[in-house]
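Below: the structure, in structure tokens.
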Amino acid sequence: MNLYEKTATELSDMLRRKECSAAEISQEVLERTETSEERIGAYITRCEDVMQQAEAVDKAIAEGRALHPLAGIPIALKDNISTKGIRTTCASRMLENYVPPYDAAVTEKVRRAGMVITGKTNMDEFAMGASTETSYMKVTHNPHNPEYVPGGSSGGSAAAVAAGETILSLGSDTGGSIRQPAALCGIVGLKPTYGSVSRYGLVAYASSLEQIGPMGKTVRDTAMLYSLICGRDQMDATTVRREYPDFASALSGKVQGLRIGVPREYFGDGICPEVSVAVWEGIRLLEQAGASVREISLPDTEYAVSAYYIIASAEASSNLARYDGVRYGFRAKHYKGLTDMYERTRSEGFGDEVKRRVMLGTFVLSSGYYDAYYKKARAAQQRIKRELADAFRECDILITPTYPTPAFPLGEKSDDPLKLYMSDICTVTANLSGLPAISVPCGKTASGLPMGMQMMAPAFSEQVLLNAAYAYETLCGGFWSGGTVI
Amino acid sequence: MKDYEIVIGLEVHAELNTQSKIYCSCRSAFGMDVNTQICPVCMGLPGALPTLNEKVVEYAIRMGHALNCHINTVCRQDRKNYFYPDLPKGYQISQADVPLCENGYLDILVGGEARRIRVNRIHIEEDAGKLLHDGAYPGSLADLNRCGVPLIEIVSEPDLRSSAEARAYLETIRSILLCLGISDCKMQEGSIRCDVNVSVREKGTRELTVRCEMKNVNSFRAAVRGIEYEAKRQIEILEGGGTIIQETRRWDDGKGMSFPMRTKEDAQDYRYFPEPDLLTIVVDEEKVQALKESIPELPHAKIRRYMKDYGFAEIDAALITEDIERAALFEACAESGRCKPKNICNWILADLAKYTNDTGQKISQTPITPKRLTELIEQVEKGVISNTAGKKAFLLMMETGREPLAIIEEEGMAQNSNREELRQLVREVFSDNQKSVLDYRNGKGKALGYLVGQCMKRSGGKANPSLIREIVTHMLSE
Amino acid sequence: MRMDIQHIAKLARLHIEAEALSVFEKEMETIVKMAEHLPEAEDALLPDRETPMQLRRDEAEDGKFTREEMLMNAPEVQLGCLAVPKTVG
């Protein structure tokens, strides 16, 4: 097996046992990327110093220094995560040539651990989308079938892992943007509890909903990366101070007595039968291993999508106000006066989906409408939060599909934004409530497209979540039998 | 013409003199080279996040206590959204619904009369940058150093009724800020700014009428002029049968007029909503109480106390309390009980003030101490030295640091206040100037002054002049 | 509820082309419509006491970033300042 086909766990072991070098790993990943990138298009920017980064790790190993378990492992970062000296575009014309003068908190952690940053991955523009099709830069193709979308908005991060163009990646999840592409590309993706990972340096879309999260081939890989990035950061006031365990080492695989809740509202008419069957098969597998399953009802789920779009758009309209051509980014070439400069810059710099959400957000916050929309959405959010908290009194985890369908063809849904919005029904409640949720592969459709199963747990219960996911992974013989998807 | 009443509300913005800015750890300093006091946070780079400076909350609460406000121990920040080149994020982090302090009041003195002005709220927010203009460049130039400097905004109710009241209110606010040490209040540096809201209505009516907001009021004097101009302008419109348009106007102190600010195409809609990057501000009750106890006696309270306890006029009380060292010196001297407070006041406001002005020194940099000043004044009050000698002794003391008693001794300043000796002297002068004595007894009043002068001369200037005058007058009437 | 697209665009400093205007309007109205079935909100959104914020100590850090670094992405810099067209009003 090629090195790029292995998991981070395996590679970390091999490095420790000196069975391979960091340079060899990076070399293979680079070569792999050379051959597949034209087909996949996962990267917006590929780092030119990958080998130097890897060599530095090898040098440290040779000097006998103690290194982080993930040292020398290649990682790709979604292009909305600030990387000092490496352009960070958010897949937008607005930031096409923007080079941050500082690292995001997670970038610092990744660097300090000695991971090898392979590049910045493609995404929906400013993380607004579920297919990576709104990217200004390029199209990313699903490694399982290049005519299909990889999902979004962290489509590049998911595709890169699935195609062997990196070993691990970081994405961001505002309404499902880690979990859904993970599902559509057949990998694992975790949206952590809100406040467990610093957002300092994450280009903001919806501040109160989003988190950076790990994406990898296996649950253990994902757990290792989560351990690296979680923690209180004094630069992000919304992060929480607490002790986090070493998640990977505590994975047990035991599900005896695990109480699984299955909310019927997440299995509505929009869910395609193949997905529903696959998820239920997964649930039964866990039940046979000793978990108890009960069907529950979460009626407030019906408000989730509206509440999500109102809150997310409102915050987005404010977060994106800074893109005005004054301090950085795109500025229109021709304008008359300040207001015209603003309008042209923003109209030419932003794509249609971004404009739509900024307009929507501006509207719901505008005078006379705040009470009717924003305030009601926030109230609905509180209800959803309470309803989930109540459910977790009787359940340890909830299991749902991650997404109603497998990947869809490129160009299919992009003309009907509302249809796309409604598909977020399974994922947005985790963002609205701040709870952790993970997507794991649960088989492929007859046509060979991956499907995803989502697990949700109470706040800061990532260990429970990862355990359950790990158990499932073990029970179905592993998600990664070696090789890559293509 | 109808009888009109002016209704004024003031919004004061004061920059807090914390070390770092409100949402980042950039140094909060005035006068630095452009764009050198900035970081990703205050510059609004993508991905940057705010973190709240605890001192800002403390300072705001202390001001809240000083203005008798209710402190909201649980509150939050909100975003105020608008586009302007000096506002990097495209929104200002401020407080909308739940300010840190509210429903307070300030008692001011206007022409000796006490007036209570209600304070609607005090909230914390960040300052914006500065737009500069240079002849060489046709547009505007943005310096972001000031972005994120912490501000408190103090909003009064429209309780003020004259430009004099407005001035008194502003002076009092300023003195409190200085006394608390939370702002350096340098209007010329922009560390204290004021927006003025003016409306007029017929005397006797209670409803609030259309008001105009005036910006660019850069001094307290400008506030006074602006209010008077604006009131006159509005009254003229009303008298002419017109209606006042609610608008924001710009005060031009040079021209002595206000002009409507070019209205933007749409009225501003700030779309306030809770700041999602900052969590709830929760201050515990003990801290609030401790901050309250840390408030010193405030200037206006001190003024009232001086007027009451010592019978001072407002102006003198204000001048003494204006400077903390003056007030401390005064109180120490007064406490000794050895001399009259009124005299202490006069010496501090005249001789000491002149000296510190001339030399540019602070009181603490001079040799003056409560003991020395008290001694000096005591000697004058007792008549040991004349007032004139006293002034001379004062200067010598300040210049050389010698003790007053030593100076009086060494310079031989003591004047003769021995009645027997003086009576003898007067008798001698009378016998030498019998003509003048006769002139006086024949109605020539001026002779008295002449005789007094002769006595002083005979004594070589050493006689106590007021005693001489008394004795001369008495003997002339015998 | 009929939204004034032009007004919102102005507030958001966006310029929507005439042809795109009606499409935009229709899309937004559809999205907003789904919000209409949200339940009535209870009292005003009070600050959440459950998660109080930890405040930062008042300590200034000097020399973190140079002017060059901070302005390196600026479209136009004059005399060390960010240059913009003349402001109105």
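The values are calculated or read from the model by the stated rules, or taken from the named source; none is laboratory data. Quick caveat: nothing in here was measured; it's all calculated off a predicted structure. Quick reminder, even Gly has a Cβ in these numbers, built from the backbone with ideal geometry, and neighbours come from all protein chains shown.
Couple of notes before you dig in:
- Subset of the range A:279-320 [over 22 Å from the mean Cα position of the chain (by Cα) and of a type in the set (A, V, I, L, M)]: A:Ile283, A:Leu285, A:Leu286, A:Ala289, A:Ala291, A:Val293, A:Ile296, A:Leu298
- Restricting the range B:71-86 to residues that are more than 9 Å from chain A (Cβ to nearest Cβ) and part of a strand (DSSP E or B) leaves a set whose member that is nearest to C:Leu14 (Cα to Cα) is B:Lys80.
- Test: A:Glu281 is closer than 21 Å to A:Leu432 by Cα and acidic (Asp, Glu): no
- Only residues that are part of a loop (DSSP other than H, G, I, E, B) and either among the hydrophobic types (A, V, I, L, M, F, W, C) or more than 7 Å from every other protein chain (Cβ to nearest Cβ) (or both) were counted across the range B:51-67, and they come to 2.
- A:Ile399 vs. criteria assigned to a helix (DSSP H, G or I), of a type in the set (Val, Ile, Thr) and over 30 Å from A:Arg93 (Cα atoms): no
- Of the helices (runs of 4 or more DSSP H) lying entirely inside the range B:360-447, those carrying at least 3 residues that are out of contact with any Cys (no Cβ under 9 Å at 6 or more places or on another chain) and surrounded by fewer than 15 Cβ atoms within 10 Å (Cβ to Cβ) are B:387-400, B:404-411, B:419-432, B:434-441.
Matching residues to (1) of a type in the set (S, T, N, Q); (2) crowded, with 24+ Cβ neighbours inside 10 Å:
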| residue | (1), (2) |
| --- | --- |
| A:Thr107 | yes, yes |
| A:Met123 | no, yes |
| A:Glu133 | no, no |
| A:Thr140 | yes, yes |
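- Of everything listed in (1) assigned to a loop (DSSP other than H, G, I, E, B); (2) in contact (Cβ under 8 Å) with a residue 40 or more places away in the chain; (3) surrounded by fewer than 23 Cβ atoms within 10 Å (Cβ to Cβ), the single unmet condition for A:Glu353 is (1).
- In the range A:197-212, the residues that are part of a strand (DSSP E or B) and more than 7 Å from chain B (Cβ to nearest Cβ): A:Val197, A:Gln211, A:Ile212
- Residue selected from the range B:87-105 under the condition surrounded by fewer than 20 Cβ atoms within 10 Å (Cβ to Cβ) and in a loop (DSSP other than H, G, I, E, B), by the criterion modelled with the highest pLDDT: B:Ala96
- All positions within the range A:238-288 that are in a helix (DSSP H, G or I), of a type in the set (A, V, I, L, M) and surrounded by 15 or more Cβ atoms within 10 Å (Cβ to Cβ): A:Val275, A:Ala278, A:Val279, A:Ile283, A:Leu285, A:Leu286
- Filter result for B:Ile227 (crowded, with 16+ Cβ neighbours inside 10 Å and farther than 14 Å from B:Met257 by Cα): no
- Any hit, the range C:44-63, residues being closer than 30 Å to A:Ile86 by Cβ, assigned to a loop (DSSP other than H, G, I, E, B) and within 9 Å of chain A (Cβ to nearest Cβ): no
- For the residues A:Glu48, A:Glu10, A:Glu19, the requirement of being part of a helix (DSSP H, G or I) and surrounded by fewer than 24 Cβ atoms within 10 Å (Cβ to Cβ) singles out A:Glu10.
- A:Ile61 vs. criteria under 30 Å from A:Tyr205 (Cα atoms) and either hydrophobic (A, V, I, L, M, F, W, C) or outside any loop (DSSP other than H, G, I, E, B) (or both): no
- Test: residue in the range A:192-199 that is buried (at least 24 other Cβ atoms within 10 Å of the Cβ) and either over 29 Å from A:Ala314 (Cα atoms) or among the basic types (Lys, Arg) (or both): yes
- Here A:Ile425 clears all of (1) β-branched (Val, Ile, Thr); (2) at pLDDT 95 or above; (3) closer than 30 Å to C:Lys33 by Cα except the condition numbered (2).
- Flag if C:Val84 is within 8 Å of chain A (Cβ to nearest Cβ), within 23 Å of the chain's Cα centre (by Cα) and farther than 27 Å from A:Leu95 by Cβ: no
- Pairs, first in the same structural domain as B:Arg372 (by TED's automatic domain parsing) and farther than 21 Å from B:Gly181 by Cα in the range B:307-335, second acidic (Asp, Glu) and assigned to a helix (DSSP H, G or I), C-beta under 8 Å, six or more apart: B:Met307/B:Glu314
- Of the residues making up the range B:317-340, those that are buried (at least 21 other Cβ atoms within 10 Å of the Cβ), closer than 19 Å to B:Ile176 by Cβ and not small (Gly, Ala, Ser) are B:Ile320, B:Thr321.
- For A:Ser439, the requirement of being among the polar types (S, T, N, Q), under 20 Å from A:Ser153 (Cβ atoms) and modelled with pLDDT under 95 is not met.
- Hits in the range B:187-196 (condition: touching an Asp or Glu at 6+ places or on another chain (Cβ under 9 Å), more than 16 Å from B:Glu125 (Cα to Cα) and modelled with pLDDT under 90): B:Glu189
- Restricting A:Tyr470, A:Tyr403 to those that are under 16 Å from A:Leu258 (Cβ atoms), among the hydroxyl-bearing types (Ser, Thr, Tyr) and more than 14 Å from every other protein chain (Cβ to nearest Cβ) reduces the list to A:Tyr470.
- When restricted to residues that are hydrophobic (A, V, I, L, M, F, W, C), in contact (Cβ under 8 Å) with a residue 40 or more places away in the chain and more than 7 Å from every other protein chain (Cβ to nearest Cβ), the range A:308-350 contains 6.
- Residue, farthest from B:Ala328 (Cα to Cα), within the range B:146-187, restricted to residues that are under 12 Å from the mean Cα position of the chain (by Cα) and of a type in the set (Val, Ile, Thr): B:Ile173
- Test for C:Ile16: is it on the phi < 0 side of the Ramachandran plot and in contact with a Leu (Cβ under 9 Å, 6 or more places away or on another chain): no
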